[in-house]
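Any read-out appearing in this document is the output of simple, stated calculations on the displayed coordinates, not a laboratory observation. Here the structure is a predicted model, which is why all the values come from computation and not from measurement. Every residue, glycine among them, receives a Cβ derived from its backbone with ideal geometry; neighbour counts consider all protein chains shown.
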Amino acid sequence: MQSQIADLIETLIQEEHSTEAVRQAMSDLSPDDVALALESLPLAQRKQAWESIKTANRLDILVEMRGESRQLLLKELDDVEIEALFSDVDAEDLLEMADSLPDRLVDIALNQMDNKQREYYQQGVVYDDDIVGRWIDHDLLIASQSIRASEALRLLKKHTPSYTDMIYLVNRTGRWVGCVKFDQLFKAQGHDPVSSLIDEECPFILASAELTKASEQLERSSLCAIPVVDDNHILLGRFHAGLAMETWRLENEAQQMSTAGLNEESDLFAPVPRSAATRGIWLGINLLTAFLASAFIGIFEATLQQVVALAVLMPVVASMGGIAGSQTLTLIVRGLALGQITRSNLKSLLSKELKVGVLNGVLWALVIGAITLWWFQNPMLGVVIACAIILNILMAALSGVLIPVLLDKLKIDPALSGSVILTTVTDIAGFVAFLGLGTLFLL
């Protein structure tokens, strides 16, 4: 598949590409693959490539594009093109794009929807991006609890949505009363009431539940989909395996991007000023932390002037602390994301990480101390750096546990800012320990 996407990119980037060549290259690709290819083009060529796409396929591709990429493309289209593009948009697609669309374009799309789709949109838009209620799938098999098995089977023959392995039953008021799995329906007699086939253990999800929690619940259920209800148990729709997989994919991508201070919605070829501004903020934060570490080094200026070897070895101390801390930080951030870390097990986890720090600290302190003794022929210098390594790795373990937990309590993404704070702490702790011990024992 990657080679097919690469071929499409090569076709699109050719200045004299033909519409037929583009459509042929797209023929075996899904909308998200085509969206990825478009996002791989410089902005000047993206609009030209867009014109080569079949009109019927454009909306599906637009939905799959990243938020910033979608914004940049829509800026190139006039109102007539946008109205044509949104003429067949449904509530689920509009909810997917709403955060990256100006209100004017949302209104254009809503004005072209039928009443049912507009109602679905109004129900979903009140929920945040990380809540199930925003991403409900409304394409599901619903039946009255009073029908018989033969009627349910006729309903099944008419239309079976993807990720479907059951029929959802409701009463006269639309309240969900249970579900009937297909295997039970196929075994039943035609005259059997479907209410007698209800799976008593069928789970449900509240529309106010978090997406990640809903995905975990679906995974544990071994079902293709789970019904979604409101607080009054009115059936709103369903949450299926496709949505769950998309949730995990986006969550993983967001964490990877956030470690570099970037947004997963960022466009590869976003305008230079916008990209520079986004990244410049984190460069500025990093600069402040670097100056803070330098200020602590300046306190020991006299020591460095007399013992030049300390300046040579300082990066070793900082590096060991940084690596040890990032290992712990990664472990804790993952634990927080999976809900594994609570107040009850935090103390045990901290104790375990400190023990790991002691073991690794002593081991590598001996190695680095021996190398330093061989290099500089100064036993006391070897002792100083060995002690500094132990102290800094312990500080790294402590910080690697407490910093992400504290940031999580403050509702700040630890994957986004934890590494910046951790690096600052381990650098300062390492420099103070190393230069402080050097001042005490080498002067």
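Hey, what did the chain get for relative contact order, percent, Cα under 8 Å, at least 6 apart? Contact order relative to length: 12 percent. Expressed in units of 2.2 N^0.38 Å, where N is the residue count, the Cα radius of gyration of region 142-258 is 1.17. Take the Cα radius of gyration of region 357-426 and divide it by 2.2 N^0.38 Å, N being the number of residues; the result is 1.41.
For region 26-153, the percent of C-alpha pairs falling in each 5 Å distance bin, counted from 0 to the bin holding the largest distance, reads 2, 9, 18, 20, 17, 12, 9, 5, 3, 3, 1, 0. Rg/Rh for region 272-442 (Cα atoms only, Rh after Kirkwood) is 1.03. Please report the net charge: other residues with Cβ closer than 10 Å to the Cβ of Asp165, K and R +1, D and E -1. Within the 10 Å Cβ shell, the charges total 0. Here the gap between Lys355 and Arg249, fully extended at 0.36 nm per residue and compared with their Cα-Cα distance, gives a gain of 34.7 nm.
Cysteines of the chain lacking any other cysteine Cβ under 4.7 Å from their own Cβ: Cys224, Cys387.
Rg/Rh for the chain stands at 1.10; both radii use Cα atoms, and Rh follows the Kirkwood definition. Any idea what diffusion coefficient region 160-202 gets from Stokes-Einstein, in µm²/s, Kirkwood Rh on alpha carbon pairs, 20 °C, 1.002 mPa s? Rounded, D is 193 µm²/s.
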